[in-house]
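Some notes on the structure that comes next.
Any read-out appearing in this document is the output of simple, stated calculations on the displayed coordinates, not a laboratory observation. These figures come from a predicted structure and were not determined experimentally.
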Amino acid sequence: MIDVHYWTTPNGHKITMFLEETGLPYRIVPVNLQKDEQFKEAFLQIAPNNKMPAIVDHDPLDGGDSIGLFESGAILLYLAEKTGKLIPGDLRERMDATQWLFWQVAGLGPMAGQLIFFLRSSEKIPFAVDRYTKETARLFGVLNKRLENREWLAGNAYSVADIAAYSWAASYSLFGLQLDVYPALERWLEAVASRPATERAYAIARDLNPQAPQPVRRAQREVARQAG
Ligand SMILES: N[C@@H](CCC(=O)N[C@@H](CS)C(=O)NCC(=O)O)C(=O)O
């Protein structure tokens, strides 16, 4: 059994998306960020950086003591190693998936996260909003270009690289972005959103926190477009 210390944000969805894909048994341990539960002592013992997600695997492959992990990228790589799933077997493809995973955790996530911070800040700092808006749009452009003429971010199959990038890319409207200028990204978003495991992962979020944003599907965008 794996305890998933989780809240209903893009970084949290990555882990439930992986677990729903693979069917590994897990239970959610809510870390309600609105109640500052990320600062609770018990959570800090697992995640000293006071950010979720984190996991505790009570049944690690080596048969030893429980393993606690924080940082979504490290958790995804650990789960991929544990299951042998959602990571390419071929060395070059595996490294490709790894570099796109790192691109997300070191680039898209932090830049878009800073943008949200400055957009929501009571103190308005146009320079900061401008800087992170441009950088987030640039990163969306990189993702779109990567997905031109290929189905998935790395290798020939859906992988941890797609899972890591999806929940951030699906939040495009929070960053003031429209998908019209990112057609390859739009096609990929729809492909990931329609996976039953993705739908289950976001349903878990909705049950825990009805305010959690849900992905907007292509059909919904079409209806909105026609309504003007
Ligand atoms: N690099 C970390 C980022 C995790 C992160 O930023 N988590 C946010 C929510 S999406 C959080 O827990 N924030 C609480 C806080 O900053 O106090 C990862 O990829 O896991």
Give me the percent relative contact order of the range 91-193, please, defined on Cα pairs under 8 angstrom at least 6 residues apart. 35
Please list, in chain and number order, the residues 5+ apart from Tyr26 or on another chain whose amide H is under 5 Å from its amide H, with Hs placed from the backbone. Ile2
Rounded, prolate or oblate: which fits the range 181-228, taking a ≥ b ≥ c as square roots of the Cα gyration tensor eigenvalues, rounded meaning a/c under 1.5, else prolate when a/b beats b/c? oblate
Residues whose modelled amide H sits under 5 Å from the amide H of His5, counting only those 5 or more places away in sequence or on another chain, are Val29, Ala54, Ile55, Val56
Cα coordinate range in the chain, projected on the principal axes (Å, largest first): 56, 44, 31
Nearest 500 deg cm²/dmol is fine: what mean residue ellipticity at 222 nm does the chain get from its DSSP H runs of n ≥ 4 alone, each adding -39,500 (n - 2.57), divided by its residue count? -16500 deg cm²/dmol
When only C-alpha pairs under 8 Å and at least 6 residues apart count, what is the relative contact order of the chain, in percent? 22
Classify the range 91-193 as rounded, prolate or oblate, taking a ≥ b ≥ c as the square roots of the eigenvalues of its Cα gyration tensor: rounded when a/c is under 1.5, otherwise prolate if a/b is larger than b/c and oblate if not. prolate
Please tell me which of these pairs span more than 32 angstrom C-alpha to C-alpha: Lys14/Lys145; Lys40/Lys145; Lys85/Lys134; Lys51/Lys124; Lys85/Lys145; Lys35/Lys85? Lys40/Lys145; Lys85/Lys134; Lys35/Lys85
